[in-house]
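One structure is given below, encoded as structure tokens.
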Amino acid sequence: MELSERTRRSFLKQFGAAGAAALAVANADGLGLAQAASTQPASTPADLKQAATRDARMAWWHEARFGMFIHWGLYSLIGQHEWAKENEGVPLLQYELLAKHFHPKPNAAREWARLAKRAGQKYMVMTTKHHEGFCNWDTQLTDYNAMDQGPGRDLVREFVDAARAEGLRVGFYYSLMDWHHPDGAICKTDEAARRRFVDYTHGLIRELMTNYGKIDILWYDVAWPLTAEQWESERMNEMVFSLQPDILVNNRNLLPGDFTTPEQHIQAADAGRAWETCMTLNDSWGFNRGDDAWKTPKTIVDNLITCARGGGNYLLNIGPEPDGSVPPNSVEILEKVGRWLDTNGKAIYGAERIEAEWTTNLNFTRRGNTLYVHVNFWPGHTPAAEWLDFYKPEVVVAFAGLKPKALSARLVKTGQKVEFTQDEFSLRLTGLPLVAPDQPATVIEVECDGEPATDHSALRPLWPRHKVGISV
Ligand code: GLC
């Protein structure tokens with residue numbers, strides 16, 4: 001059953017960003033929307049060509065694991081996040097006035113890029129045009145753009161230069177949905193409008209792919225109101241790859257692209273398929289003055305570990321203020337994450353998917369045969385050590401179901417060797433310090449004699465069980 005346009009629109013309306021996100025994710029992940037399947041045609045020669053170069057194109061991205069997302073546009077001036085126009089019903093002629101009042105400080109993007117670098121992020125993806133339709137670059141196709149309006153400069157070029165100056169890869173976010181273009185909605189029902197709007201869209205993307213040198217990622221967003229066929233998404237990607245042969249594209253122009261884009265949640269794709277979770281630092285993408293729902297550095301670090309555990313990437317958002325300044329809370333969180341990565345980066349960058357069950361206290365990543373045990377909540381001393389040898393000597397980090405044999409272990413923070421014992425059920429890392437050596441997570445590196453993985457369910461039936469009653 002195709003998701004009817006009415007359902008789609010009311011879904012978008014009702015749930016705003018989250019609804020669009022859910023749609024995009026559902027399309028992306030093939031979660032129950034037959035529509036997604038019908039818009040993902042069987043492999044064409046172009047798909048096959050893109051698939052043939054995928055591993056080589058994506059090598060840097062898999063190594064990178066952590067990127068910065070930037071939502072910045074006219075909506076930043078309102079400060080009620082990027083859906084303000086639609087959510088609050090701001091009349092277009094009113095909204096357009098914002099373009100005259102957008103006066104960012106020079107080279108704000110340098111601050112973002114330096115922050116990304118300090119945070120340990122390896123790439124940046126900036127909104128070139130969000131749903132509002134305003135182009136942050138010097139386009140020839142509309143005067144609703146940064147060069148012709150308030151800024152009087154090409155903000156995309158500043159972004160590209162800033163990212164490159166810090167040695168970071170460059171990504172462009174581009175919203176297909178457009179609330180400003182006169183054909184942006186009627187293109188669904190009026191073929192002449194569709195033709196104009198698709199030409200306009202392809203033309204804007206062509207500019208972005210032509211005028212800024214090598215671009216590493218094209219990050220499409222919301223495809224409402226057209227299907228992949230109507231957007232001519234195949235042709236769109238072919239044009240993109242002909243101009244940027246090494247680029248990566250996501251799946252939100254309703255083709256599979258190179259990677260899947262779970263939004264605001266972490267969901268590994270099937271093995272063999274690349275994925276990237278995008279997430280906000282508070283609850284908003286665009287600057288939202290009142291949004292104080294900041295995640296803690298601990299949550300961000302654990303999310304990053306969880307993405308790395310599944311062999312995925314984490315694209316973490318900042319929503320700069322109208323002048324381009326990054327909200328102080330975002331700076332503080334990202335700097336803390338960066339300090340943790342300075343020590344523990346080897347457990348994240350280039351991490352490969354590991355089949356391991358996290359627990360409340362522990363998370364896991366791996367590179368080759370090296371296992372990284374991330375201790376989120378340090379055990380300290382347990383009084384149970386008085387009665388149970390298992391918890392001696394002193395501080396013990398233990399987990400069940402490790403498949404290969406552990407060969408050696410050490411604390412990443414201090415390099416200190418860690419003693420351990422292992423039987424068929426459990427690995428016990430012993431003699432650890434009383435206080436967590438690192439925050440927000442302490443990492444223990446364990447060399448194994450094979451690819452690390454844990455499996456509780458295989459283990460559970462094997463536990464020795466005793467007669468009813470107590471055995472000691
Ligand atoms: C959604 C929202 C949008 C945001 C994007 C980020 O599609 O509509 O505002 O830019 O998600 O992934």
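The values are calculated or read from the model by the stated rules, or taken from the named source; none is laboratory data. Everything numeric here is computed off the predicted structure, so don't read it as measured data. Here the Cβ positions follow ideal geometry from the backbone for every residue, glycine too, while neighbour counts run over all protein chains shown.
The numbered conditions (1) of a type outside the set (Lys, Arg); (2) away from the ligand (no atom under 16 Å from the Cβ); (3) closer than 22 Å to Tyr220 by Cβ are all true for Leu304 except (3). From the list Gly431, Gly401, the lone residue that is surrounded by 18 or more Cβ atoms within 10 Å (Cβ to Cβ) and among the small types (Gly, Ala, Ser) is Gly401. Residues that are basic (Lys, Arg), assigned to a helix (DSSP H, G or I), surrounded by 13 or more Cβ atoms within 10 Å (Cβ to Cβ) and out of contact with any Ser or Thr (no Cβ under 6 Å at 6 or more places or on another chain): does region 58-69 have at least one? Looking through region 58-69, none of the residues is basic (Lys, Arg), assigned to a helix (DSSP H, G or I), surrounded by 13 or more Cβ atoms within 10 Å (Cβ to Cβ) and out of contact with any Ser or Thr (no Cβ under 6 Å at 6 or more places or on another chain). When we screen Thr442, Thr430 for residues that are closer than 23 Å to Asp302 by Cβ and outside the structural domain of Ala268 (by TED's automatic domain parsing), the only hit is Thr442. Between Ala293, Ala274, Ala268, the distinction of being more than 15 Å from the ligand (Cβ to nearest atom) and surrounded by fewer than 17 Cβ atoms within 10 Å (Cβ to Cβ) belongs to Ala293 only.
For region 278-290: of the residues being more than 10 Å from the ligand (Cβ to nearest atom) and polar (S, T, N, Q), which is farthest from Tyr314 (Cα to Cα)? Among those residues, the one meeting the criterion is Asn288. Among residues that are in contact (Cβ under 8 Å) with a residue 24 or more places away in the chain and in a loop (DSSP other than H, G, I, E, B), Leu226 is included. Could you check, for region 309-319, whether at least one of its residues is away from the ligand (no atom under 16 Å from the Cβ), hydrophobic (A, V, I, L, M, F, W, C) and under 27 Å from Ala109 (Cβ atoms)? No, region 309-319 contains no residue that is away from the ligand (no atom under 16 Å from the Cβ), hydrophobic (A, V, I, L, M, F, W, C) and under 27 Å from Ala109 (Cβ atoms).
Could you tell me whether region 82-101 includes any residue that is in contact (Cβ under 8 Å) with a residue 40 or more places away in the chain, crowded, with 23+ Cβ neighbours inside 10 Å, over 30 Å from Gly368 (Cα atoms) and in contact with a Ser or Thr (Cβ under 7 Å, 6 or more places away or on another chain)? Checked region 82-101: no residue is in contact (Cβ under 8 Å) with a residue 40 or more places away in the chain, crowded, with 23+ Cβ neighbours inside 10 Å, over 30 Å from Gly368 (Cα atoms) and in contact with a Ser or Thr (Cβ under 7 Å, 6 or more places away or on another chain). Might you check whether a residue that is among the hydrophobic types (A, V, I, L, M, F, W, C), surrounded by fewer than 24 Cβ atoms within 10 Å (Cβ to Cβ) and either in the same structural domain as Pro452 (by TED's automatic domain parsing) or without any contact (Cβ under 8 Å) to a residue 24 or more places away in the chain (or both) occurs anywhere in region 312-333? Within region 312-333, none of the residues are among the hydrophobic types (A, V, I, L, M, F, W, C), surrounded by fewer than 24 Cβ atoms within 10 Å (Cβ to Cβ) and either in the same structural domain as Pro452 (by TED's automatic domain parsing) or without any contact (Cβ under 8 Å) to a residue 24 or more places away in the chain (or both). Would you call Gly89 within 16 Å of the ligand (Cβ to nearest atom) and at pLDDT 95 or above? So Gly89 does not fit the description; no. Restricting attention to region 325-341, the residues that are assigned to a loop (DSSP other than H, G, I, E, B) and either within 17 Å of the chain's Cα centre (by Cα) or closer than 16 Å to Trp285 by Cβ (or both) total 2. Does region 207-218 contain at least one residue that is touching a residue at least 24 places away in the same chain (Cβ under 8 Å), within 16 Å of the ligand (Cβ to nearest atom) and touching a strand residue (DSSP E or B) at 6+ places or on another chain (Cβ under 6 Å)? So far as region 207-218 goes, yes, one or more of its residues are touching a residue at least 24 places away in the same chain (Cβ under 8 Å), within 16 Å of the ligand (Cβ to nearest atom) and touching a strand residue (DSSP E or B) at 6+ places or on another chain (Cβ under 6 Å).
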